[in-house]
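All remarks here apply to the structure that follows.
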Amino acid sequence: MGSKYTKRYSDECKRDETEPVRSSGKTVTEVARELGVSSKSLRGWVKKARAAQDDGSGLGALRAADDRDGELKRQRKLTVEQTKTIGILKKGATAFFAEESDRCAGYAGLSTRRRRTPQSRCSAR
């Protein structure tokens, strides 16, 4: 999860900045310092680019990996929201049934009495 100050880089920018790592033989940290990019970010881009190159898909695989990451992030957020909703519903159900139980406890003595049905009232007149 990035902060609100996280820079966003386009796919072309990522591709251009990973190229010196592959072609120059310099370390990721050295290239990151030269470009003014976080070494952690550059390392991730290089890793995705190498995986895409091994698949033979090129930039399409890098974009697909970003899409999968975005979808995974969205699914995790949805799971958290659903978990919160389920917790709220459980609390509400517990409160409802506790209240219902208390209400029914007051009628416990009535079950032993004989209740009149509407038919018996009519015949009693």
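The values are calculated or read from the model by the stated rules, or taken from the named source; none is laboratory data. The shown structure was predicted, so the numbers you read here are calculated from the model rather than taken from an experiment. When we count neighbours, we look across all protein chains shown, and the Cβ atoms used for this are built from the backbone with ideal geometry, even at glycine. SASA here: full protein model, heavy atoms, side chains in, ligands and nucleic acids out. Shrake-Rupley method; radii C 1.70, N 1.55, O 1.52, S 1.80 Å.
Here are a few things to note about the model shown:
- If you filter the stretch 29-39 down to residues that are in a helix (DSSP H, G or I), open to solvent by less than 60 Å² (accessible area, probe 1.4 Å) and not hydrophobic (A, V, I, L, M, F, W, C), you find that the one that is nearest to Lys7 (Cα to Cα) is Ser39.
- Lys26 under 22 Å from Lys73 (Cβ atoms) and either open to solvent by 50 Å² or more (accessible area, probe 1.4 Å) or at pLDDT below 80 (or both): no
- Test: residue in the stretch 75-95 that is surrounded by 10 or more Cβ atoms within 10 Å (Cβ to Cβ) and at pLDDT below 85: no
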